[in-house]
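The values are calculated or read from the model by the stated rules, or taken from the named source; none is laboratory data. Model, not experiment: these values are computed from the prediction. Using ideal geometry, Cβ is built from the backbone for each residue, glycine included, and neighbour counts are taken over all protein chains shown. Side chains are part of the model used for accessible areas, which takes the heavy atoms of the whole protein and leaves out ligands, DNA and RNA. Shrake-Rupley method; radii C 1.70, N 1.55, O 1.52, S 1.80 Å.
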Amino acid sequence: MEQSFHLLIELIPIIQRGFPIKLLMRYGEPPTPYDFILERLYDEDANLMTLFFKAGYFNSTGTYYLGLMDGEFGEYRYRPDSVTVRHYTLKLWWGECLYWSKESENWLNDGCDTMESSTFDVTHCRCSHLTNFAGGFSQTEQELSFADIDQFNSVEVNPVVYSFVVFVVGIYLILLIVCYLGDVHDDKKRGVVYLQDNQQSDQQCYEITVETGFRSGAGTTAKVSLVLHGELGHSETRELTDEKRPLFERNSRDKFIVSVPETLGTIYKLQVWHNNAGSSPSWFLSRISVRDLINGQKWYFICEKWFAVEEDDGKVERDIYPQDYGVGFQKVFYAKGSQYFADYHLWSSVFTKPSHSRFTRVQRLTCCLAILLTFMCIIGTWYRFNDRPEWSTHLGIIDVSIESLVVGIVTALMALPVNGPIVMLFRRSKSMVNSSKESLHIDPAIISDVHSTQEQTHIATPILSQYDSASCSSGFGDLNSEDRNRLVADNKLSGTDTNSVVSTVYDKHHSLDHKKFKKIYVPHWCRYIAWFLVSQVIFWAAFFVIFFGIRFCKSKSVMWIQSLYFSILQCVFVTQPLVILTVTLIRSFQYRNDIRVFDHADDNTELLEPGDLPKSRLDYYADEDDDDDLSKGIAARQRSRYLRFARPPQKKELQKAKERMMKEKTMYSILKGCLFYCILFTCVMLMCYGKFHNHHILLNNAVKNTFVRTPHAFTSIQSIPDFWAWCENDLMDGLYWDSWYSGGHQENRSIMGGSHILLGKVSVRQLRVSDDSCSILPGMNGIVNDCRGTFSDSSNSKMPYGPNETWMYQDTSHIVRYCKWGRFGYYDGEGFVTNLNSTRMAAAEQLSQLKEDNWIDVHTRLVIVEFTLYNPPTNLFTSVALVLELPGTGGIYPLPMISSIMLYRYETFFDYFIMVLELMFLALVVYSAKCEVGMAIKEKKDHFLRIWAYIEIIFILSSLTFFACYVYRCVYVNQISERLQATYHEEFVDMSFLALWDQVRKL
């Protein structure tokens, strides 16, 4: 191409500050921010942009694409007052210079070139020979198109969202295995235990439901025994054991069928104990319920006490009496609150799920994943289609915006209607009716055939799943052995009569216990619908999250993570706990006087139909071999003899066990305390000294050597002329270079040999007092005409002064300054302010004019020279305040205030490691506070008689105060960053208060 190429872009001038514009060029395809052959960056103040290519630059035949874009793309979010659109005029043309060749009688371009100074109206030519020449140009064909800048983001450029989704799915797959193993373990605990001590000839059956508490270490490895005491007698000792399933684990509900020869009448007491055996014999019993399976009557026993030698009163055997009426609001609130938080808090119930719940851990974990991905999708959609300008920070701080907080909270609320129905389908889906682990429908005739040798029929009712409770005492009893065969002849019932009795009693019982607490359940196949829905939610949410996320710039990714963080916090710690707490309060108040609140009608456990018999009982008797009757009879007799003499452990045995357990408990407590405080001490040491260095001291000394320890030392100022001399020489030498090595002049940025950057301008501020700011003694009225005292709020003068009253008082609505403590008083952040210009010559003229116009006079009480420096190698900011006090008593007292601070604390990998330690320290403090509150509730007034309790309280309060100061500092740093951004680093931003705050926080 023998023509030169010219490009001219004329931007329409605007009042506000614009943004830099980047021009890109690419051959064959439109350019992108990451793929181009030419790049030009123009400042935000530029209104005219030119581009010139000499003839011959374009050697390839084809299409070249030019692109204009925001020069700050991918770096920062826009400020609210920033301009987001610039209008321009684009001119493109080909230019050439030609001369007339007499030999060829044609226009040629040999030896003639077009100059870069050519414009659309005038062509400047340069020829190497004296000939007649002319200029010409031709416009290019241009086709304009516009593209969304976000499309240039790709996974390779910004994989934050995509990587986070992959990470979450990976964690889900790992936890899925853990939850599956937990579900397998829970399946072993389902169903009813038909005790091996039950006899075929027994005519009376009781269903006993034992609930172990939710407290830490509530489960037991010991063997639990009990005796039923009724008005008509008491049962033999029954050992609640089953070799095929785990029993009495934490937050578990175990059901047993106990049979006796004849009815015991009204049950008025339970005697419960364990043998204090195993590796962890301590047991916290929450409740026991006993149901008469013949007439449906039920008794509730509320306990809520430890069976442990090292807890409470040290007993492992208690007498528990039934509760006939309501237990009151407090006990119902505690019982139902523990139940609901363990079962209905979706996130924590993945690990605390009760074994009897049909809502499995795998289902709960999958619902959590669906909710989390829904959060991501909603937040990603918001930031994808909302390009509203936002504040940002420049130098690396991860700021938290109000928008991120609001979006996170609203997202958590919006996700509930999407995932709520899925959770309810899982929770309310019934199990399969004929479950081999639960029950089997048995016709009475079949039972009669199986036990024909006994010539009797056993009456049984369905196993009902509900929620129970119990209360305590002490004692022991046993059943006198009677002839069981005598009861067979006295209690014969035909198969038809039995079925009738069972049906009648069951209907009565069901109407009494479940009418008030009836819940709606859906068929078992609805569970498959729930699986289909949750899989669709997970798939499409993940798809749209990745689809939108790969187009996010860095700032959007940060805000996306912030909003997701707040959504999770609100869902886990606010929304779900608040809903559970509200429901608990309502139910506790509503049923505070109704003992049936401890029935489990609100659980999704199976209620068998009338006529069903526990399969465990059928298998136990139907599989008997007649040839083995003798050996089984001998074993049963030995078992009966063992149980007849079974007793709780003796006091001596318990005393030895208590001593051993107390030693183990003390040793465990000591080891736990040592480990806790070692971790705590390590965190504190690393937090305090992990980033310790002497850069602060070195920087402070360097600044003092530049501005204070100068030939005319600032601290040696004794008069106003001395101050002006220091400003015109030492201050100017420190702030401005005379010239660059290339002969150019410095513009406001690098100072002190280029090691520091001056942020904004230098501010010179003064505070004044008014006339008659002090009282004149009566005897001095003729001698002293006026009196100007020391500075105070009442004597502060805000009246304009100077030539034509040009110097105006500026309050906090115009400037942001912080108070200063001097030798003679306290000075607020307002006053008369003069900002020095960015060049040395202009600043020197300002100072000279201020000196000439007597800017400092007899009313002046304080002069402060303030500016802020930034040192990039150490990432430290230095707040400089050179204070000059002029008290009313006379004299001048200089006071330099120089302090270096680290504004942005987290930038390197080690910085984030320190942040993790800080969060760990906070978690340890919260845990310590929780333990301290628990101990105070348990020990009450006695807890405050120990000196260590006060030490713990002081430690907790001081640690929480430290974190409160830390949070306040983060908020304040965010405000400083916003001011730096709002002023484009061209105005003074006072950091002295942050420096003072850091000094206080280090104490």
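Would you be able to say whether some residue in the stretch 292-302 is touching a strand residue (DSSP E or B) at 6+ places or on another chain (Cβ under 9 Å) and more than 21 Å from residue 323 (Cβ to Cβ)?
Yes, the stretch 292-302 contains at least one residue that is touching a strand residue (DSSP E or B) at 6+ places or on another chain (Cβ under 9 Å) and more than 21 Å from residue 323 (Cβ to Cβ).
List pairs: first in the stretch 653-676 and over 15 Å from residue 279 (Cα atoms), second of a type in the set (Gly, Ala, Ser) and in a helix (DSSP H, G or I), Cβ under 9 Å, 6+ apart or cross-chain?
676/928
Every residue, every condition in (1) buried (at least 16 other Cβ atoms within 10 Å of the Cβ); (2) of a type in the set (Gly, Ala, Ser); (3) in contact with a helix residue (DSSP H, G or I) (Cβ under 6 Å, 6 or more places away or on another chain), yes or no:
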position	(1), (2), (3)
894	yes, no, yes
926	no, no, no
939	no, no, no
948	no, no, no
964	no, yes, no
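Looking only at residues in the stretch 770-800 that are of a type in the set (Ser, Thr, Tyr) and surrounded by 15 or more Cβ atoms within 10 Å (Cβ to Cβ), which one is modelled with the highest pLDDT? Break it down stepwise before answering.
Kept after step one, since they are of a type in the set (Ser, Thr, Tyr), are these residues of the stretch 770-800: 770, 773, 775, 790, 792, 794-795, 797.
Now narrow it down to the ones that are surrounded by 15 or more Cβ atoms within 10 Å (Cβ to Cβ): 773, 790, 795, 797.
Details: 773: 74, 790: 84, 795: 86, 797: 89.
Looking at residues that are of a type in the set (Ser, Thr, Tyr) and surrounded by 15 or more Cβ atoms within 10 Å (Cβ to Cβ), I get 797.
Could we say that residue 123 is in contact with a Lys or Arg (Cβ under 8 Å, 6 or more places away or on another chain), at pLDDT 85 or above and β-branched (Val, Ile, Thr) here?
Values: in contact with a Lys or Arg (Cβ under 8 Å, 6 or more places away or on another chain): no; at pLDDT 85 or above: yes; β-branched (Val, Ile, Thr): yes.
Judged against the criteria, residue 123 is not a match.
So which of 828, 811 is among the acidic types (Asp, Glu), in contact (Cβ under 8 Å) with a residue 60 or more places away in the chain and closer than 16 Å to residue 768 by Cα?
Details: 811 fails: in contact (Cβ under 8 Å) with a residue 60 or more places away in the chain.
On inspection, the qualifying residue turns out to be 828.
Please specify each residue of the stretch 177-213 satisfying the condition of being in contact (Cβ under 8 Å) with a residue 24 or more places away in the chain, within 17 Å of residue 247 (Cβ to Cβ) and open to solvent by 40 Å² or more (accessible area, probe 1.4 Å).
Of everything in the stretch 177-213, those that are in contact (Cβ under 8 Å) with a residue 24 or more places away in the chain, within 17 Å of residue 247 (Cβ to Cβ) and open to solvent by 40 Å² or more (accessible area, probe 1.4 Å) turn out to be 185, 187, 188, 190, 196.
Would you pick out the residues in the stretch 753-769 that are surrounded by 14 or more Cβ atoms within 10 Å (Cβ to Cβ) and either modelled with pLDDT under 85 or over 18 Å from residue 797 (Cβ atoms) (or both)?
Filtering the stretch 753-769 for residues surrounded by 14 or more Cβ atoms within 10 Å (Cβ to Cβ) gives 755-769.
Matches in the stretch 753-769: 755, 756, 757, 758, 759, 760, 761, 762, 763.
To keep it simple, each residue is scored yes or no on (1) more than 18 Å from residue 989 (Cβ to Cβ); (2) surrounded by 15 or more Cβ atoms within 10 Å (Cβ to Cβ); (3) of a type in the set (Phe, Trp, Tyr); (4) touching a residue at least 40 places away in the same chain (Cβ under 8 Å).
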position	(1), (2), (3), (4)
817	no, yes, no, yes
824	yes, yes, yes, yes
835	no, yes, no, yes
842	yes, no, no, no
853	yes, no, no, yes
860	yes, yes, no, yes
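Take the residues in the stretch 237-252 that are in contact (Cβ under 8 Å) with a residue 60 or more places away in the chain and either under 37 Å from the mean Cα position of the chain (by Cα) or in a loop (DSSP other than H, G, I, E, B) (or both), then tell me which one is farthest from residue 202 (Cα to Cα).
Keep residues of the stretch 237-252 that are in contact (Cβ under 8 Å) with a residue 60 or more places away in the chain, which gives 237-239, 246, 249, 251-252.
Remaining after also requiring either under 37 Å from the mean Cα position of the chain (by Cα) or in a loop (DSSP other than H, G, I, E, B) (or both): 237, 246, 249, 251-252.
Details: 237: 15, 246: 27, 249: 30, 251: 32, 252: 28 Å.
Checked the stretch 237-252; the qualifying residue farthest from residue 202 (Cα to Cα) is 251.
Quick one: in the stretch 716-752, of everything that is modelled with pLDDT of 90 or more and assigned to a loop (DSSP other than H, G, I, E, B), which residue is least open to solvent (accessible area, probe 1.4 Å)?
Out of the qualifying residues, it is 717.
Taking strands (runs of 3 or more DSSP E) that fall entirely within the stretch 160-236, which contain at least 2 residues that are farther than 30 Å from residue 661 by Cα and touching a Gly at 6+ places or on another chain (Cβ under 6 Å)? Steps first, please.
Values: elements: 192-194, 204-212, 224-230.
The strands (runs of 3 or more DSSP E) meeting that bar number zero.
Suppose the filter is more than 24 Å from residue 833 (Cα to Cα) and either touching a Lys or Arg at 6+ places or on another chain (Cβ under 7 Å) or at pLDDT below 85 (or both); does residue 971 pass it? So that I can check it myself, show each step before the final result.
On the way: more than 24 Å from residue 833 (Cα to Cα): yes; either touching a Lys or Arg at 6+ places or on another chain (Cβ under 7 Å) or at pLDDT below 85 (or both): yes.
It is true that residue 971 is more than 24 Å from residue 833 (Cα to Cα) and either touching a Lys or Arg at 6+ places or on another chain (Cβ under 7 Å) or at pLDDT below 85 (or both).
Identify, from the list 563, 555, the residue that is open to solvent by less than 20 Å² (accessible area, probe 1.4 Å), under 15 Å from residue 160 (Cβ atoms) and at pLDDT below 75. Reasoning before the result, please.
Numbers: 563 fails: at pLDDT below 75.
Sole residue among the options that is open to solvent by less than 20 Å² (accessible area, probe 1.4 Å), under 15 Å from residue 160 (Cβ atoms) and at pLDDT below 75: 555.
Among the residues of the stretch 135-147, are any surrounded by 13 or more Cβ atoms within 10 Å (Cβ to Cβ), of a type outside the set (S, T, N, Q) and at pLDDT 80 or above?
Checked the stretch 135-147: at least one residue is surrounded by 13 or more Cβ atoms within 10 Å (Cβ to Cβ), of a type outside the set (S, T, N, Q) and at pLDDT 80 or above.
Filter the stretch 294-352 down to the residues that are within 18 Å of residue 218 (Cα to Cα), among the hydrophobic types (A, V, I, L, M, F, W, C) and under 40 Å from the mean Cα position of the chain (by Cα) and list them by number.
302, 303, 306, 307, 308, 335, 341, 342, 351
Among (1) in contact with a helix residue (DSSP H, G or I) (Cβ under 7 Å, 6 or more places away or on another chain); (2) at positive phi, where does residue 32 come up short?
Every condition holds for residue 32 apart from (2).
For residue 953, are the conditions met, namely being of a type outside the set (S, T, N, Q) and touching a strand residue (DSSP E or B) at 6+ places or on another chain (Cβ under 6 Å)? I'd like the intermediate steps shown before the answer.
Numbers: of a type outside the set (S, T, N, Q): yes; touching a strand residue (DSSP E or B) at 6+ places or on another chain (Cβ under 6 Å): no.
For residue 953, the condition - of a type outside the set (S, T, N, Q) and touching a strand residue (DSSP E or B) at 6+ places or on another chain (Cβ under 6 Å) - is not met.
Which of the residues that make up the stretch 258-289 are in a loop (DSSP other than H, G, I, E, B) and among the polar types (S, T, N, Q)?
Residues satisfying the conditions are 263, 266, 275, 276, 279, 280, 282.
Suppose we filter the stretch 166-214 for residues that are among the aromatic types (Phe, Trp, Tyr) and within 16 Å of residue 351 (Cα to Cα); how many remain? Step through it out loud before you land on a result.
Of all residues in the stretch 166-214, those among the aromatic types (Phe, Trp, Tyr) come to 167, 172, 180, 194, 206, 214.
Subsequent filtering for residues that are within 16 Å of residue 351 (Cα to Cα) retains 172, 180, 214.
Result for the stretch 166-214: 3.
I'd like the residue in the stretch 246-281 that is open to solvent by less than 20 Å² (accessible area, probe 1.4 Å) and of a type in the set (Lys, Arg) and, out of all such residues, is nearest to residue 665 (Cα to Cα).
This residue is 253.
Name every residue in the stretch 580-593 that is assigned to a helix (DSSP H, G or I) and either open to solvent by 80 Å² or more (accessible area, probe 1.4 Å) or touching a residue at least 24 places away in the same chain (Cβ under 8 Å) (or both), in order of residue number. Give the derivation first.
Initially, the stretch 580-593 is screened for residues assigned to a helix (DSSP H, G or I), giving 580-590.
Residues satisfying the conditions are 580, 581, 583, 584, 585, 586, 587, 588, 589, 590.
Report yes if some residue within the stretch 309-321 is open to solvent by 30 Å² or more (accessible area, probe 1.4 Å), on the phi > 0 side of the Ramachandran plot and part of a loop (DSSP other than H, G, I, E, B); otherwise report no.
Checked the stretch 309-321: at least one residue is open to solvent by 30 Å² or more (accessible area, probe 1.4 Å), on the phi > 0 side of the Ramachandran plot and part of a loop (DSSP other than H, G, I, E, B).
Yes/no per residue for (1) over 30 Å from residue 722 (Cα atoms); (2) touching a residue at least 12 places away in the same chain (Cβ under 8 Å); (3) surrounded by 12 or more Cβ atoms within 10 Å (Cβ to Cβ):
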residue	(1), (2), (3)
900	no, yes, yes
930	yes, no, no
960	yes, yes, yes
972	yes, yes, yes
